[in-house]
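Notes to accompany the following structure.
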Amino acid sequence: MSSPTSTVEPLNAVEDRYGGVRVDLVEEHMDCDVYVPRLKASISQWRQQGVKGVWMKLPIRHAHLVEPTVKEGFRYHHAESDYLMLVYWIPETPDTLPANASHTVGIGAFVMNNNREVLVVQEKSGAFGAKGVWKFPTGVANQGEDIWTAAIREVEEETGIDTEFVEILAFRQTHKTFCGKSDLFFVCMLRPLSFDINKQDSEIKAAQWMPIEEYMAQPYIQGHESFKNVAEICSGQSKSSCSGFCAVPTLSTSGKKSYTYFNKLQIQNKKNELGG
């Protein structure tokens with residue numbers, strides 16, 4: 001006698017490189033009474049095939065399928081604006097599916113003109129909104145955005161100043177920040193290509209070019225070690241006593257364009273060795 005699931009068509013799945021499968025529900029609509037039997041049949045088939053992890057991507061139009069998916073043993077992994085990703089580890093062995101992304105990437109932009117004035121802003125809201133602190137333009141890198149392009153974009157958005165990337169001067173890691181995630185924050189040195197400020201009215205209260213000594217003398221900067229350290233590194237670089245990391249175009253193992261950041265002195269030394 002055939003099993004109840006033997007005549008039910010399994011869900012379409014694509015094998016991944018780690019002994020698992022990925023399911024993308026591309027159908028415009030699927031009722032629960034159709035979906036649940038297909039899901040049960042799929043799990044049975046995957047178990048027989050020795051599949052380990054299952055990645056189930058449910059577009060927002062299939063939000064009604066979340067509860068029945070969870071009832072079959074799936075758990076949330078991550079969500080974006082248009083889908084929810086659920087996962088299921090089938091074998092009776094420790095679950096080795098990778099966790100959701102653990103970090104966000106932030107940038108701070110050190111921009112200084114030929115008069116040793118740095119570009120600073122005061123924010124209307126957020127952690128600095130009521131403190132009256134002048135700070136470097138900052139922001140968060142978008143998905144798929146390189147660190148250096150994020151820095152250029154944030155400066156242009158907040159101040160209207162066009163810049164070009166020079167190097168990364170410093171970075172820090174902090175934990176339990178936005179939504180409990182860890183944060184990697186990169187301080188980027190940019191060279192100004194324009195000088196007339198046109199501030200972003202929605203987020204920025206004020207923006208100006210400020211002498212770097214005046215910026216460093218602010219009580220808030222002097223009273224917070226991380227800000228003070230960054231200010232000293234930036235000041236040192238402006239006097240050519242420090243060397244940061246510059247972006248070198250490379251290719252990943254999968255052939256995708258990426259950037260590797262090397263210390264400028266290392267690159268220069270290598271060029272000298274090669275007679276460049």
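Which is at pLDDT below 95, open to solvent by 40 Å² or more (accessible area, probe 1.4 Å) and acidic (Asp, Glu), of Glu67, Glu28?
Glu28
Going by what's in this entry, would Ala127 be described as surrounded by fewer than 17 Cβ atoms within 10 Å (Cβ to Cβ), aliphatic (A, V, I, L, M) and in contact (Cβ under 8 Å) with a residue 60 or more places away in the chain?
No, not satisfied.
Provide a single number: the residues in segment 34-63 that are closer than 13 Å to Val14 by Cβ and open to solvent by 30 Å² or more (accessible area, probe 1.4 Å).
Of the residues in that region, 2 qualify.
If I filter segment 60-68 for residues that are under 24 Å from the mean Cα position of the chain (by Cα), farther than 30 Å from Phe136 by Cα and not acidic (Asp, Glu), do I get at least one hit?
yes
Taking segment 186-207 on its own, how many of its residues are part of a strand (DSSP E or B) and in contact with a helix residue (DSSP H, G or I) (Cβ under 9 Å, 6 or more places away or on another chain)?
Residues flagged as part of a strand (DSSP E or B) and in contact with a helix residue (DSSP H, G or I) (Cβ under 9 Å, 6 or more places away or on another chain) within segment 186-207 amount to 8.
Would you confirm, using the coordinates I've provided, whether Glu9 is touching a helix residue (DSSP H, G or I) at 6+ places or on another chain (Cβ under 9 Å), free of Cβ contacts under 8 Å to residues at least 40 places away in the same chain, more than 26 Å from Glu80 (Cα to Cα) and among the charged types (D, E, K, R)?
Against the criterion (touching a helix residue (DSSP H, G or I) at 6+ places or on another chain (Cβ under 9 Å), free of Cβ contacts under 8 Å to residues at least 40 places away in the same chain, more than 26 Å from Glu80 (Cα to Cα) and among the charged types (D, E, K, R)), Glu9 qualifies.
All but one of (1) open to solvent by less than 80 Å² (accessible area, probe 1.4 Å); (2) aromatic (Phe, Trp, Tyr); (3) out of contact with any Asp or Glu (no Cβ under 6 Å at 6 or more places or on another chain) hold for Tyr76; which doesn't?
Condition (1) is where Tyr76 drops out.
The values are calculated or read from the model by the stated rules, or taken from the named source; none is laboratory data. In this text, all values refer to a predicted model and were calculated from it rather than measured experimentally. Because the Cβ atoms are built from the backbone with ideal geometry, glycine has one as well, and the counts that use them run over all protein chains shown. Please note that ligands, DNA and RNA were not included when accessible areas were found on the heavy atoms of the full protein model with its side chains. Shrake-Rupley method; radii C 1.70, N 1.55, O 1.52, S 1.80 Å.
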